[in-house]
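Q: Structure below; questions to follow.
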Amino acid sequence: MAQRRDGSRFPAQVGLNPMKTNDGVSILVSIIDISEQKRSEAQRQSLIEIMQAAVETSNLHEYLTHVHDSLKRALSADNYFVILKNKTTGLFEEVYSADKFDLPLPPQVEMKKSASSYVYRTGQSLLLTEERFDQLVAQGEMELIGNNSLSWLGVPLKIGGEPIGVMVVQDYENEGCYSERDEEFLASTAGQVALAIERKRAEEELRASQKHFYELFENVPVGIWEEDFSAIREFLYGLFE
(Lines give C-alpha, C1' and ligand atoms only; values in the text may rest on other atoms or scores of the structure.)
Protein backbone atom coordinates (compact mmCIF):
# COMPACT_ATOMS: atom_id res chain seq x y z
CA MET A 1 0.00 0.00 0.00
CA ALA A 2 1.13 3.56 -0.71
CA GLN A 3 -0.07 6.88 0.65
CA ARG A 4 -1.21 9.99 -1.21
CA ARG A 5 -0.50 13.54 -0.09
CA ASP A 6 -3.98 13.81 1.41
CA GLY A 7 -3.24 10.82 3.64
CA SER A 8 -5.42 8.32 1.78
CA ARG A 9 -3.92 4.95 1.04
CA PHE A 10 -4.06 2.98 -2.19
CA PRO A 11 -2.73 -0.31 -3.61
CA ALA A 12 0.44 0.30 -5.57
CA GLN A 13 2.99 -1.47 -7.71
CA VAL A 14 6.50 -0.34 -6.79
CA GLY A 15 9.40 -0.59 -9.21
CA LEU A 16 13.09 -0.13 -8.41
CA ASN A 17 15.33 0.71 -11.35
CA PRO A 18 19.09 1.35 -10.93
CA MET A 19 20.46 4.32 -12.91
CA LYS A 20 24.02 5.40 -13.49
CA THR A 21 24.75 8.99 -12.53
CA ASN A 22 27.88 11.12 -12.21
CA ASP A 23 27.90 10.31 -8.52
CA GLY A 24 27.59 6.57 -9.05
CA VAL A 25 24.42 4.56 -9.10
CA SER A 26 21.01 5.82 -8.02
CA ILE A 27 17.75 4.00 -7.62
CA LEU A 28 14.73 5.30 -9.49
CA VAL A 29 11.57 4.41 -7.60
CA SER A 30 8.31 4.24 -9.57
CA ILE A 31 4.94 3.95 -7.87
CA ILE A 32 1.91 2.98 -9.98
CA ASP A 33 -1.63 3.22 -8.61
CA ILE A 34 -3.30 -0.13 -9.35
CA SER A 35 -6.62 0.65 -7.60
CA GLU A 36 -8.66 0.22 -10.78
CA GLN A 37 -6.88 -3.01 -11.64
CA LYS A 38 -7.61 -4.41 -8.18
CA ARG A 39 -11.21 -3.27 -8.40
CA SER A 40 -11.66 -4.92 -11.80
CA GLU A 41 -10.22 -8.17 -10.48
CA ALA A 42 -12.52 -8.03 -7.45
CA GLN A 43 -15.57 -7.40 -9.64
CA ARG A 44 -14.65 -10.25 -11.98
CA GLN A 45 -14.29 -12.63 -9.04
CA SER A 46 -17.55 -11.37 -7.56
CA LEU A 47 -19.43 -12.15 -10.78
CA ILE A 48 -17.97 -15.67 -10.86
CA GLU A 49 -19.04 -16.27 -7.24
CA ILE A 50 -22.56 -14.99 -7.98
CA MET A 51 -22.89 -17.39 -10.90
CA GLN A 52 -21.64 -20.32 -8.79
CA ALA A 53 -24.01 -19.46 -5.94
CA ALA A 54 -26.98 -19.78 -8.30
CA VAL A 55 -26.23 -23.50 -8.54
CA GLU A 56 -24.86 -24.22 -5.07
CA THR A 57 -27.48 -22.54 -2.85
CA SER A 58 -30.74 -24.23 -1.85
CA ASN A 59 -33.15 -21.29 -1.53
CA LEU A 60 -33.60 -17.64 -2.46
CA HIS A 61 -32.50 -16.09 0.84
CA GLU A 62 -29.34 -18.20 0.95
CA TYR A 63 -28.57 -17.20 -2.64
CA LEU A 64 -29.06 -13.47 -2.04
CA THR A 65 -26.90 -13.70 1.10
CA HIS A 66 -24.11 -15.08 -1.09
CA VAL A 67 -24.70 -12.33 -3.66
CA HIS A 68 -24.45 -9.70 -0.91
CA ASP A 69 -21.21 -11.16 0.46
CA SER A 70 -19.69 -11.24 -3.03
CA LEU A 71 -20.70 -7.68 -3.86
CA LYS A 72 -19.14 -6.38 -0.64
CA ARG A 73 -15.75 -7.48 -1.92
CA ALA A 74 -16.19 -5.51 -5.14
CA LEU A 75 -17.81 -2.23 -4.04
CA SER A 76 -19.41 -0.50 -1.07
CA ALA A 77 -22.38 -2.79 -0.41
CA ASP A 78 -22.84 -2.99 3.36
CA ASN A 79 -26.31 -1.55 2.71
CA TYR A 80 -27.97 -3.76 0.11
CA PHE A 81 -31.54 -4.76 -0.69
CA VAL A 82 -33.59 -6.52 -3.35
CA ILE A 83 -37.28 -5.82 -3.99
CA LEU A 84 -39.55 -7.71 -6.39
CA LYS A 85 -42.90 -6.77 -7.90
CA ASN A 86 -45.75 -9.10 -6.93
CA LYS A 87 -47.58 -9.94 -10.14
CA THR A 88 -50.89 -10.54 -8.35
CA THR A 89 -51.09 -7.51 -6.05
CA GLY A 90 -48.94 -5.08 -8.03
CA LEU A 91 -47.06 -4.25 -4.81
CA PHE A 92 -43.37 -4.61 -4.00
CA GLU A 93 -41.88 -7.28 -1.74
CA GLU A 94 -38.49 -6.82 -0.10
CA VAL A 95 -37.00 -10.31 -0.38
CA TYR A 96 -33.59 -9.36 1.03
CA SER A 97 -32.46 -6.40 3.12
CA ALA A 98 -29.28 -5.41 4.96
CA ASP A 99 -29.35 -1.75 5.99
CA LYS A 100 -27.54 0.30 8.63
CA PHE A 101 -30.47 2.61 9.34
CA ASP A 102 -33.67 1.70 7.49
CA LEU A 103 -35.80 -1.12 8.88
CA PRO A 104 -37.05 -3.88 6.56
CA LEU A 105 -40.18 -2.94 4.60
CA PRO A 106 -43.60 -4.45 5.37
CA PRO A 107 -44.40 -7.74 3.53
CA GLN A 108 -45.94 -5.80 0.65
CA VAL A 109 -45.69 -2.08 0.02
CA GLU A 110 -46.38 0.54 -2.64
CA MET A 111 -43.05 2.25 -3.32
CA LYS A 112 -44.69 5.40 -4.70
CA LYS A 113 -42.01 7.88 -5.89
CA SER A 114 -38.98 6.26 -4.33
CA ALA A 115 -35.68 5.90 -6.17
CA SER A 116 -36.31 2.14 -6.37
CA SER A 117 -39.69 2.57 -8.04
CA TYR A 118 -38.11 5.02 -10.50
CA VAL A 119 -35.58 2.36 -11.54
CA TYR A 120 -38.39 -0.17 -11.92
CA ARG A 121 -40.59 2.21 -13.94
CA THR A 122 -37.85 3.29 -16.31
CA GLY A 123 -36.13 -0.09 -16.54
CA GLN A 124 -32.79 1.74 -16.39
CA SER A 125 -29.96 1.71 -13.86
CA LEU A 126 -29.58 4.86 -11.75
CA LEU A 127 -26.40 6.29 -10.25
CA LEU A 128 -27.99 8.81 -7.93
CA THR A 129 -26.05 11.95 -7.03
CA GLU A 130 -27.37 14.85 -4.99
CA GLU A 131 -27.69 16.92 -8.17
CA ARG A 132 -29.54 14.13 -10.01
CA PHE A 133 -31.86 13.57 -7.04
CA ASP A 134 -32.78 17.28 -6.83
CA GLN A 135 -33.43 17.28 -10.57
CA LEU A 136 -35.79 14.29 -10.39
CA VAL A 137 -37.59 15.75 -7.36
CA ALA A 138 -38.11 19.03 -9.25
CA GLN A 139 -39.56 17.04 -12.17
CA GLY A 140 -42.00 15.28 -9.83
CA GLU A 141 -40.41 11.90 -10.56
CA MET A 142 -39.04 11.19 -7.09
CA GLU A 143 -39.30 12.00 -3.41
CA LEU A 144 -37.18 11.09 -0.39
CA ILE A 145 -38.37 7.90 1.31
CA GLY A 146 -36.41 6.52 4.25
CA ASN A 147 -33.00 7.84 5.31
CA ASN A 148 -30.96 9.93 2.92
CA SER A 149 -27.83 8.14 1.68
CA LEU A 150 -24.85 10.04 0.30
CA SER A 151 -24.31 7.44 -2.44
CA TRP A 152 -27.05 5.33 -4.08
CA LEU A 153 -26.91 2.91 -6.98
CA GLY A 154 -29.83 0.83 -8.25
CA VAL A 155 -30.29 -1.50 -11.23
CA PRO A 156 -33.42 -3.20 -12.58
CA LEU A 157 -33.77 -6.98 -12.48
CA LYS A 158 -35.22 -8.16 -15.78
CA ILE A 159 -36.51 -11.37 -17.32
CA GLY A 160 -37.08 -11.33 -21.06
CA GLY A 161 -36.56 -7.57 -21.12
CA GLU A 162 -39.33 -6.97 -18.55
CA PRO A 163 -38.45 -5.73 -15.03
CA ILE A 164 -39.32 -8.03 -12.12
CA GLY A 165 -37.67 -5.97 -9.40
CA VAL A 166 -34.74 -3.79 -8.34
CA MET A 167 -31.33 -4.41 -6.73
CA VAL A 168 -29.77 -1.54 -4.75
CA VAL A 169 -26.54 -0.69 -2.92
CA GLN A 170 -26.11 2.50 -0.93
CA ASP A 171 -23.60 4.25 1.33
CA TYR A 172 -24.65 6.65 4.09
CA GLU A 173 -21.18 7.98 4.93
CA ASN A 174 -19.15 8.39 1.72
CA GLU A 175 -20.36 10.76 -0.96
CA GLY A 176 -19.76 9.81 -4.58
CA CYS A 177 -18.30 6.40 -3.76
CA TYR A 178 -19.89 4.78 -6.85
CA SER A 179 -18.62 5.34 -10.37
CA GLU A 180 -20.00 4.66 -13.84
CA ARG A 181 -17.80 1.57 -13.84
CA ASP A 182 -19.56 0.36 -10.68
CA GLU A 183 -22.89 1.02 -12.39
CA GLU A 184 -21.82 -1.11 -15.36
CA PHE A 185 -20.62 -3.87 -13.04
CA LEU A 186 -23.83 -3.97 -10.98
CA ALA A 187 -25.93 -3.90 -14.15
CA SER A 188 -23.94 -6.84 -15.54
CA THR A 189 -24.62 -8.89 -12.40
CA ALA A 190 -28.33 -8.04 -12.51
CA GLY A 191 -28.99 -10.38 -15.43
CA GLN A 192 -27.47 -13.33 -13.58
CA VAL A 193 -29.26 -12.43 -10.34
CA ALA A 194 -32.66 -12.08 -12.06
CA LEU A 195 -32.37 -15.49 -13.72
CA ALA A 196 -31.31 -17.09 -10.45
CA ILE A 197 -34.21 -15.45 -8.58
CA GLU A 198 -36.74 -16.83 -11.07
CA ARG A 199 -35.18 -20.28 -10.75
CA LYS A 200 -35.10 -20.20 -6.94
CA ARG A 201 -38.70 -19.01 -6.71
CA ALA A 202 -39.85 -21.74 -9.09
CA GLU A 203 -38.00 -24.34 -7.02
CA GLU A 204 -39.55 -23.03 -3.80
CA GLU A 205 -43.04 -23.06 -5.32
CA LEU A 206 -42.49 -26.65 -6.47
CA ARG A 207 -41.32 -27.71 -3.01
CA ALA A 208 -44.31 -25.98 -1.41
CA SER A 209 -46.67 -27.74 -3.83
CA GLN A 210 -45.07 -31.12 -3.14
CA LYS A 211 -45.28 -30.52 0.61
CA HIS A 212 -48.95 -29.56 0.34
CA PHE A 213 -49.73 -32.72 -1.65
CA TYR A 214 -47.81 -34.89 0.80
CA GLU A 215 -49.64 -33.40 3.80
CA LEU A 216 -52.97 -33.85 2.03
CA PHE A 217 -52.15 -37.46 1.26
CA GLU A 218 -51.01 -38.18 4.84
CA ASN A 219 -53.99 -36.52 6.56
CA VAL A 220 -56.89 -37.56 4.33
CA PRO A 221 -59.49 -39.45 6.48
CA VAL A 222 -60.46 -41.87 3.68
CA GLY A 223 -58.06 -44.39 2.23
CA ILE A 224 -56.51 -43.63 -1.16
CA TRP A 225 -55.64 -46.43 -3.52
CA GLU A 226 -54.52 -46.82 -7.09
CA GLU A 227 -56.06 -49.16 -9.64
CA ASP A 228 -54.47 -50.60 -12.73
CA PHE A 229 -57.18 -49.49 -15.16
CA SER A 230 -55.56 -51.26 -18.09
CA ALA A 231 -55.80 -54.57 -16.21
CA ILE A 232 -59.46 -53.88 -15.36
CA ARG A 233 -60.25 -53.06 -18.99
CA GLU A 234 -58.67 -56.30 -20.16
CA PHE A 235 -60.67 -58.25 -17.55
CA LEU A 236 -63.96 -56.72 -18.70
CA TYR A 237 -63.21 -57.36 -22.34
CA GLY A 238 -62.51 -60.98 -21.46
CA LEU A 239 -65.97 -61.38 -19.92
CA PHE A 240 -67.69 -60.59 -23.23
CA GLU A 241 -65.52 -62.61 -25.59
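Q: When the range 59-81 is examined, which residues are found to be more than 9 Å from Val169 (Cα to Cα) and charged (D, E, K, R)?
A: Scanning the range 59-81 gives Glu62, Asp69, Lys72, Arg73.
Q: What's the number of the only condition in (1) open to solvent by 40 Å² or more (accessible area, probe 1.4 Å); (2) at pLDDT below 90; (3) within 17 Å of Asp182 (Cβ to Cβ) that Ser40 fails to meet?
A: In the conditions (1) open to solvent by 40 Å² or more (accessible area, probe 1.4 Å); (2) at pLDDT below 90; (3) within 17 Å of Asp182 (Cβ to Cβ), Ser40 misses (1) alone.
Q: Moving on to the next point. Would you be able to say whether some residue in the range 70-77 is of a type outside the set (Ser, Thr, Tyr), open to solvent by 10 Å² or more (accessible area, probe 1.4 Å) and closer than 21 Å to Pro163 by Cβ?
A: Scanning the range 70-77 turns up no residue that is of a type outside the set (Ser, Thr, Tyr), open to solvent by 10 Å² or more (accessible area, probe 1.4 Å) and closer than 21 Å to Pro163 by Cβ.
Q: Which is open to solvent by 40 Å² or more (accessible area, probe 1.4 Å), closer than 25 Å to Glu62 by Cα and free of Cβ contacts under 8 Å to residues at least 40 places away in the same chain, of Leu144, Leu105, Leu150?
A: Working: Leu144 fails: closer than 25 Å to Glu62 by Cα; Leu150 fails: closer than 25 Å to Glu62 by Cα.
Just a single option satisfies the conditions, and that option is Leu105.
Q: Follow-up question, since we're still on this one. So Lys112 passes all but one of these: (1) out of contact with any Gly (no Cβ under 9 Å at 6 or more places or on another chain); (2) surrounded by fewer than 16 Cβ atoms within 10 Å (Cβ to Cβ); (3) without any contact (Cβ under 8 Å) to a residue 24 or more places away in the chain. Which condition number does it fail?
A: (3)
Q: Regarding Asp102, is this residue within 29 Å of the chain's Cα centre (by Cα), modelled with pLDDT under 90 and under 27 Å from Glu180 (Cβ atoms)? Step through it out loud before you land on a result.
A: On the way: within 29 Å of the chain's Cα centre (by Cα): yes; modelled with pLDDT under 90: yes; under 27 Å from Glu180 (Cβ atoms): yes.
Criteria met by Asp102.
Q: Suppose the filter is out of contact with any Lys or Arg (no Cβ under 9 Å at 6 or more places or on another chain) and at pLDDT below 90; does Gly238 pass it? Step through it out loud before you land on a result.
A: Working: out of contact with any Lys or Arg (no Cβ under 9 Å at 6 or more places or on another chain): yes; at pLDDT below 90: yes.
Answer is yes for this residue.
Q: Here is a follow-up. Determine whether Ser188 is modelled with pLDDT of 90 or more, open to solvent by 50 Å² or more (accessible area, probe 1.4 Å) and under 23 Å from Glu62 (Cα atoms).
A: For Ser188, the condition - modelled with pLDDT of 90 or more, open to solvent by 50 Å² or more (accessible area, probe 1.4 Å) and under 23 Å from Glu62 (Cα atoms) - is met.
Q: Within the range 170-189, how many residues are assigned to a strand (DSSP E or B) and over 17 Å from Arg132 (Cα atoms)?
A: Keep residues of the range 170-189 that are assigned to a strand (DSSP E or B), which gives 170-171.
Then drop every residue that is not over 17 Å from Arg132 (Cα atoms), which leaves none.
Residues in the range 170-189 being assigned to a strand (DSSP E or B) and over 17 Å from Arg132 (Cα atoms): 0 in total.
Residues are listed down the side, and each one gets a yes or a no for (1) in contact with a strand residue (DSSP E or B) (Cβ under 7 Å, 6 or more places away or on another chain); (2) more than 17 Å from Arg199 (Cβ to Cβ); (3) in a helix (DSSP H, G or I); (4) not aromatic (Phe, Trp, Tyr):
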| site | (1), (2), (3), (4) |
| --- | --- |
| Val55 | no, no, yes, yes |
| Ser70 | no, yes, yes, yes |
| Ser76 | yes, yes, no, yes |
| Glu93 | yes, yes, no, yes |
| Tyr96 | yes, no, no, no |
| Asp102 | no, yes, no, yes |
| Leu105 | yes, yes, no, yes |
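The values are calculated or read from the model by the stated rules, or taken from the named source; none is laboratory data. Everything numeric here is computed off the predicted structure, so don't read it as measured data. Using ideal geometry, Cβ is built from the backbone for each residue, glycine included, and neighbour counts are taken over all protein chains shown. Ligands, DNA and RNA are excluded from the accessible area calculation, which covers all protein heavy atoms including side chains. Shrake-Rupley method; radii C 1.70, N 1.55, O 1.52, S 1.80 Å.
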